[in-house]
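The values are calculated or read from the model by the stated rules, or taken from the named source; none is laboratory data. Source: prediction; values computed, not measured. In this analysis, Cβ positions are derived from the backbone assuming ideal geometry, glycine residues included, and neighbour counts consider all displayed protein chains. Heads up: the accessible areas ignore ligands, DNA and RNA and are worked out on the full protein's heavy atoms, side chains in. Shrake-Rupley method; radii C 1.70, N 1.55, O 1.52, S 1.80 Å.
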Amino acid sequence: MEGSHDPPFQEQYNSLFNKSPDTGPKYANDYDLFIVQECELPLIDLAQLNSGELARERCKKDIARASQEWGFFQVLNHGISREILDKMRSEQIKAFKKPFHEKMNESGFGLLAGSYRWGTPSATCLKQLAWSEAFHVPLNAISGLGGRNSLSSTMEKFAKTMSELAHKLAEILAENMGHKSTFFRQTCLPSTCYLRMNRYPPCPISPRVYGLMPHTDSDFITVLHQDQIGGLQLVKDGKWISVKPNPEALIINIGDLFQAWSNGVYKSVEHRVVTNMLKERYSIAFFLCPSYETTIKSCVDPSVYRKFSFREYRDQVQEDVKKFGYKVGLTRFLV
């Protein structure tokens, strides 16, 4: 593997490849990863927010409706320039194309130590293995680098615009629930929000493993920029559907914390990434997260979920993943 930029999946997880096939898929069509309907997510033009009152209110209602019915939607005219998106993609590819041993040693990146990760250390079967690698970097760590190289300066510009978009959407969704709230600005700070650059290498045993196993996001809102390879799938009406890539749009999805805050009005929907045997896939996500001390409670009564801190939630997720191999999530916090 010396000099290779791909993580050594087959060497590291050799014992899983040799085990008997995984049993008990969670969904009836879990193994038919590619035989799922492709669909276009609700597409919302955010330029309407700067139009007249009627167009603005209609746009806000569309955002709220998509968050209730789908938990996912796409946005156009989102305020992040094509120049920044293209530059971010270029820098991301350069980072992932460095030799694996350099990525593991964090050498030459100037990123936070420990930001690189790959695979699934806790996997006990193939269905728990993520055939992917990532750089997972808090926003304050990016700004703390002071733009010392092209990667960090591009990430800083990218993160700033993604953060502003996420906050804007959070405020619209809060307003729809009758709350003109500063809660998200006060609690979701650069020290608690982060960017995650993802790469999904070609997988010779696709579709026996996921690029990213089924999960929901443990945040308020996720903003995703993906390439044209495709692979993102989500659950709609009890079935897996495949998201058709749109080069002009960013994908938005609701996280667990917003589902709890909205008392179940907005939906944090299970999603996954499937592998591709021949092509690599890139994406980059921004996660709007609060401080660990932040209390998450419903904005209306009676509440479906009990009050909990973000730290308590994260600790429970980690405990469940260690114990069961997957995240249990919000059902742990029902009243």
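Each residue in the stretch 42-72 was checked for being assigned to a loop (DSSP other than H, G, I, E, B), at pLDDT 95 or above and over 24 Å from the mean Cα position of the chain (by Cα), and 0 pass. Looking at Ile172, is it at pLDDT below 90, within 23 Å of the chain's Cα centre (by Cα) and in a helix (DSSP H, G or I)? Judged against the criteria, Ile172 is not a match.
Number of residues in the stretch 206-223 that are assigned to a strand (DSSP E or B) and either closer than 22 Å to Gln318 by Cα or open to solvent by 20 Å² or more (accessible area, probe 1.4 Å) (or both): the value is 8. For the stretch 309-328, taking the residues that are crowded, with 19+ Cβ neighbours inside 10 Å and either in contact with a Phe, Trp or Tyr (Cβ under 9 Å, 6 or more places away or on another chain) or among the hydroxyl-bearing types (Ser, Thr, Tyr) (or both), the one that is nearest to Gln233 (Cα to Cα) is identified as Tyr313. Total residues in the stretch 311-335 satisfying the condition of being without any contact (Cβ under 8 Å) to a residue 60 or more places away in the chain and over 21 Å from Leu126 (Cα atoms): the figure is 8.
Residues of the stretch 265-290 being modelled with pLDDT under 95 and among the hydroxyl-bearing types (Ser, Thr, Tyr), which ones? Once the filter is applied, which keeps residues that are modelled with pLDDT under 95 and among the hydroxyl-bearing types (Ser, Thr, Tyr), the stretch 265-290 yields only Thr275.
For the stretch 245-268, a residue qualifies if it is in contact with an Asp or Glu (Cβ under 9 Å, 6 or more places away or on another chain), surrounded by fewer than 24 Cβ atoms within 10 Å (Cβ to Cβ) and in contact (Cβ under 8 Å) with a residue 40 or more places away in the chain, and the qualifying residues are Asn246, Asp256, Asn263, Lys267. Annotation: Gly178 fulfils all but one of (1) open to solvent by 30 Å² or more (accessible area, probe 1.4 Å); (2) of a type in the set (Gly, Ala, Ser); (3) touching a helix residue (DSSP H, G or I) at 6+ places or on another chain (Cβ under 7 Å); the unmet one is (3). Applying the criterion of being open to solvent by 30 Å² or more (accessible area, probe 1.4 Å) and touching a Pro at 6+ places or on another chain (Cβ under 8 Å) to the residues of the stretch 139-155, the residue that is modelled with the highest pLDDT is Asn140. May I ask you to list the residues in the stretch 184-204 that are open to solvent by 10 Å² or more (accessible area, probe 1.4 Å), outside any strand (DSSP E or B) and touching a residue at least 40 places away in the same chain (Cβ under 8 Å)? Listed by number, the residues that qualify are Thr187, Leu189, Pro190, Ser191, Thr192, Pro202, Pro204. Among the criteria (1) more than 29 Å from Ser206 (Cα to Cα); (2) in contact with a strand residue (DSSP E or B) (Cβ under 6 Å, 6 or more places away or on another chain), the one Glu69 does not fulfil is (2). Would you mind stating whether Asp86 is within 26 Å of Ile241 (Cα to Cα) and more than 19 Å from the chain's Cα centre (by Cα)? No: the conditions fail for Asp86.
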